[in-house]
Amino acid sequence: MSKKSENSAFICINCKKEVVPLSNGSCRNHCPDCLHSLHVDDKTGDRQNSCHGIMKPIGIEFNTKKGYQIVHRCMKCGFIRLNKIAQDTDMPDNFDLILKLMRK
Ligand SMILES: [Zn+2]
Ligand SMILES: [Zn+2]
């Protein structure tokens, strides 16, 4: 499987912003503005899940290996996933919002 298919632009379902792929080669799966995501993956990037619920950012966790990660929870099925924060890119994640989530 090529890595290209998992790194395409999408429209954010929450704020309707067009989210462009990351320039550093890693997979962008959440909106940099509102940090919302969609439950479309079984494993990160595979687009094999049929839930398609909105994944809401509910907190931030720190992982010594991966750094800060956004905790996403699916509003439809309750599934929880951690996603790496996108930084050092053309469109970095909304840091104000990340700070707000950290204080929760
Ligand atoms: Zn958004
Ligand atoms: Zn779901």
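The values are calculated or read from the model by the stated rules, or taken from the named source; none is laboratory data. Predicted model only: the values in this text are computed from it and were never measured. Neighbour counts run over all protein chains shown; Cβ positions are idealised from the backbone, glycine included.
Quick notes
- Subset of the stretch 47-61 (residues that are away from ligand 2 (no atom under 16 Å from the Cβ) and crowded, with 18+ Cβ neighbours inside 10 Å): Ile60
- Set Gly59, Gly67: member being at pLDDT 95 or above and among the small types (Gly, Ala, Ser): Gly59
- Selection over the stretch 71-89 of residues that are within 16 Å of ligand 1 (Cβ to nearest atom) and at pLDDT below 95 gives a count of 4.
- Scanning the stretch 20-37 for residues that are closer than 24 Å to Met75 by Cβ, in a loop (DSSP other than H, G, I, E, B), at pLDDT 80 or above and not charged (D, E, K, R) yields Asn29, Cys31, Pro32, Cys34, Leu35, His36.
- Total residues in the stretch 81-97, condition of a type in the set (A, V, I, L, M, F, W, C) and within 12 Å of the chain's Cα centre (by Cα): 3
- Annotation note: of Leu101, Leu97, the sole residue that is over 22 Å from Pro21 (Cα atoms) and touching a Pro at 6+ places or on another chain (Cβ under 9 Å) is Leu101.
- In the stretch 62-74 there is no residue that is under 19 Å from Ile13 (Cβ atoms) and loosely packed, with under 13 Cβ neighbours inside 10 Å.
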